[in-house]
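The values are calculated or read from the model by the stated rules, or taken from the named source; none is laboratory data. The model shown is predicted, which means the values in this text are computed figures rather than measured ones. Cβ coordinates were reconstructed from backbone atoms using ideal geometry, including for glycine residues, and neighbour counts include every protein chain displayed. Heavy atoms of the whole protein, side chains included, go into the accessibility calculation; ligands, DNA and RNA do not. Shrake-Rupley method; radii C 1.70, N 1.55, O 1.52, S 1.80 Å.
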Amino acid sequence: MRQSVFPDRKSSTVSLLRPTLRSLLVAFVLTVAALPLAVAPNASTAQTLPTLGDTEREGLSPLMERKLGEQIMRDIRHDPDYLDDGPLLEYLNNFGSNLVSVRPDVRGEAGYDFFFFAVRDPVLNAFALPGGFIAVHSGLLLAAQSESELASVLAHEIGHVAQRHIARMIGQQKQNSMIQLASIVLGALAGVSKVGGDAAMATMMGGTGVAIQRQLNFSRDAEREADRVGLQILRDGGFDTSGMVAFFGRLQSASRNFGDAVPPYLLTHPLTTERIADIQARIRDQRYKQRADNPDFQLIRARVRILQDSSAQGIRTAQVYFESQLRQNTKMQIMVSKYGLAYAAYLQRSYDKAESLLQEARAASQPMVPSILFANLEIDIKIAKKQGAQALQLADATRKQFPLSRVAAHQYADALIESQRYDQAVAYLRDQAQLYRHEVAVQDLLAKAYAGQGKQALQHMALAESYVLSGSLPAALEQLGIARKAPDATFYDQAMIDARERELKEQWKDEMADSKGRS
């Protein structure tokens, strides 16, 4: 698992997980992480997904599957290679949600809320976690040349989640474990008989071989099911299904350069000649659909190129790449490269240069639809330059233009704080906290606004809620302890702190008991 999902990393995300979670991840990643391949070309758009049988579902309930996914995600979010970048996360989740909305039945009986995210890793890979969490590597985002190619990755992962392949695999593993246990017992009996030790070893290995074959067979079945769901989503969503062929072609060509060192992507996403030929045959009779990409796709790829390696040398390397792309002299390349150079300059704290490059990128984007990514970066630059009033004016206009953008909402609150409008920021963020109860960023910003007001008790109470949402209950309890000792803590604050502390201690006790039960 560590090699296939987070390869070539000395401190992998998986290494942060508890042993029980790590062992489960090792088991399911090879089964559930894969790209979309084929579906019958004449399938009806009204066709619904099959419901799994009770026997296959009993391995892991939908509630436990989601809980497991949330536990894993808490650890992944603490990993430095988790790309906690607002514009990137917003793009992926808007794009992924649109894919899910094409076929609402992919939510299935579990009704999962999907969450899409990225991890910093140049190796081509993507994977699904229990409960609707889907990840892509930064390397795969850069390798995808169109939104249809990116959709071909995400749609197949959605198919794995929709068909609950993780729950089914666990049910399958229970049967495999019985086969292996029986073979070990028979092998031990053969070892003490006249037959001898060689026969004992053969018996044990034979049982293990049967279990492995059953797992491989299950994996193939899972791939076929996810293939069907994935191509249904692509077709019904108006994507170019031939984009899969182009993506696979580049991947297969690149794999020839690895020799015996097979890339992790191919270990978790096996591309046999038969399967590639199958997808080509199945899409041959489909009507070609040309789909224009959203300009944000190319802008996000420029951002990811820098996020993949944001070290000083990595940024310089990205700048050289963007400069070379400017030679193509197309409006799209000028827009994307200038944006990438502007973002690089911003990270290098060359704010005037970043602002100038961003204006050039925006000019090259005309007459395309205005991108929120331009506004996001401009607001960040204004805040960095301590131009609070200008940042607030732009942030207010942006949130009104893009009312569904969570990044715009967060930047508006940040601009209020930077403009020292703390009372207005607190009022806005308290409303946001009621509407978006699971957003860590809202609680962090609220703590910052309370700090500006000098309200220490409320500041640490907000930080406690931030830690709760991040899954760090001990840190949350520590913040509540600090809040209790704050000189401005009122009787009402003390009562709230006591009640919340009791609740969190009970939750922590249950989690520790649950953890011991699994170990």
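Residue-level check: of (1) out of contact with any helix residue (DSSP H, G or I) (no Cβ under 9 Å at 6 or more places or on another chain); (2) part of a loop (DSSP other than H, G, I, E, B), Gln434 misses just (2).
Of the residues making up segment 459-471, just one is in contact (Cβ under 8 Å) with a residue 24 or more places away in the chain and either assigned to a loop (DSSP other than H, G, I, E, B) or aromatic (Phe, Trp, Tyr) (or both), namely Gly471. Annotation: of all residues in segment 464-504 being exposed (fewer than 13 other Cβ atoms within 10 Å of the Cβ) and either aromatic (Phe, Trp, Tyr) or touching a Leu at 6+ places or on another chain (Cβ under 7 Å) (or both), the one that is nearest to Gln443 (Cα to Cα) is Tyr492.
Looking for something open to solvent by 60 Å² or more (accessible area, probe 1.4 Å) and over 29 Å from Gln434 (Cβ atoms) - is there at least one such residue anywhere in segment 387-396? So that I can check it myself, show each step before the final result.
Initial filter on segment 387-396 (open to solvent by 60 Å² or more (accessible area, probe 1.4 Å)): 389-390, 393.
Adding the requirement that they be over 29 Å from Gln434 (Cβ atoms) leaves 390.
Within segment 387-396, one or more residues are open to solvent by 60 Å² or more (accessible area, probe 1.4 Å) and over 29 Å from Gln434 (Cβ atoms).
In this structure, Gly111 does satisfy being modelled with pLDDT under 85 and part of a loop (DSSP other than H, G, I, E, B). Tallying residues that are modelled with pLDDT under 70, surrounded by fewer than 17 Cβ atoms within 10 Å (Cβ to Cβ) and either in a helix (DSSP H, G or I) or at negative phi (or both) within segment 251-284 yields 16.
Considering (1) touching a His at 6+ places or on another chain (Cβ under 9 Å); (2) closer than 30 Å to Ala318 by Cα, say which one Tyr91 fails and leave the rest. Looking at each condition in turn, Tyr91 falls short on (1). Do the conditions hold for Asp84, that is, is it among the acidic types (Asp, Glu), open to solvent by less than 10 Å² (accessible area, probe 1.4 Å) and over 28 Å from Ser242 (Cβ atoms)? When the stated conditions are applied, Asp84 does not pass them. Restricting segment 337-375 to residues that are of a type in the set (A, V, I, L, M) and over 20 Å from Asp85 (Cα atoms), the residue that is most open to solvent (accessible area, probe 1.4 Å) is Val369. Filtering segment 327-354 to residues that are over 15 Å from Ser371 (Cβ atoms), assigned to a helix (DSSP H, G or I) and hydroxyl-bearing (Ser, Thr, Tyr) leaves Tyr346, Tyr351. Looking only at residues in segment 285-326 that are part of a loop (DSSP other than H, G, I, E, B), closer than 19 Å to Ser148 by Cα and touching a residue at least 60 places away in the same chain (Cβ under 8 Å), which one is farthest from the chain's Cα centre (by Cα)? Top of the filtered list is Asp285. Of all the numbered requirements in (1) modelled with pLDDT under 95; (2) under 23 Å from Tyr346 (Cβ atoms), Glu360 misses one, and that requirement is (1). Of the set (1) within 29 Å of Ser97 (Cα to Cα); (2) among the hydroxyl-bearing types (Ser, Thr, Tyr); (3) surrounded by fewer than 19 Cβ atoms within 10 Å (Cβ to Cβ), all apply to Tyr422 but (1).
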